[in-house]
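Report on one structure; see the data block that follows.
Derivation of every value follows stated rules applied to the coordinates shown; laboratory data play no part. Bear in mind the structure is a predicted one, so any value in this text is a computation, not a measurement. Because the Cβ atoms are built from the backbone with ideal geometry, glycine has one as well, and the counts that use them run over all protein chains shown.
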Amino acid sequence: MNREDCGRWSRLLKKRELLAYYRLCREESEWNIGEAVDQLCKELLFTRRVSFSIIRRLKRIGLLVQIDHVRFRCVPFTNYIEELYKNYICKKRRRLKTA
């Protein structure tokens, strides 16, 4: 099985990251980073520093796409889950082939 067949994201998100990602992707298609930080602080009770850190991490791994300097949009949540599924199956098949 080629590496291209495997999923794009191999690491599960941490609990905080997963909750923040779900919250940001739940309603709006595009949002301002300031609005997102305020939502995470208000609804999930994160500090501003933690909120910025989570947004930066999600952007780095490719789950948040930057439209312009302050506008972002989420990769759909189902796409993330499907890619994790593909990666799991790919690794499992590779492990069983070598055994």
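For ASN32, the stated conditions hold: it is over 15 Å from the mean Cα position of the chain (by Cα) and either within 18 Å of ARG16 (Cβ to Cβ) or not acidic (Asp, Glu) (or both). Entry remark, the stretch 61-71: residues being in a strand (DSSP E or B) and either surrounded by 15 or more Cβ atoms within 10 Å (Cβ to Cβ) or free of Cβ contacts under 8 Å to residues at least 24 places away in the same chain (or both) number 3 in total.
Taken over the stretch 37-49, residues that are surrounded by 11 or more Cβ atoms within 10 Å (Cβ to Cβ) and assigned to a helix (DSSP H, G or I) amount to 7.
Rundown of residues vs (1) free of Cβ contacts under 8 Å to residues at least 40 places away in the same chain; (2) outside any helix (DSSP H, G or I); (3) among the aromatic types (Phe, Trp, Tyr); (4) exposed (fewer than 12 other Cβ atoms within 10 Å of the Cβ), yes/no style:
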{"residue": "ARG8", "(1), (2), (3), (4)": "no, yes, no, no"}
{"residue": "GLU17", "(1), (2), (3), (4)": "no, no, no, no"}
{"residue": "GLU35", "(1), (2), (3), (4)": "yes, no, no, no"}
{"residue": "SER51", "(1), (2), (3), (4)": "yes, no, no, no"}
{"residue": "LYS59", "(1), (2), (3), (4)": "yes, no, no, no"}
{"residue": "ARG73", "(1), (2), (3), (4)": "no, yes, no, no"}
{"residue": "GLU83", "(1), (2), (3), (4)": "no, no, no, no"}
{"residue": "TYR88", "(1), (2), (3), (4)": "no, no, yes, no"}
{"residue": "ARG93", "(1), (2), (3), (4)": "no, no, no, no"}
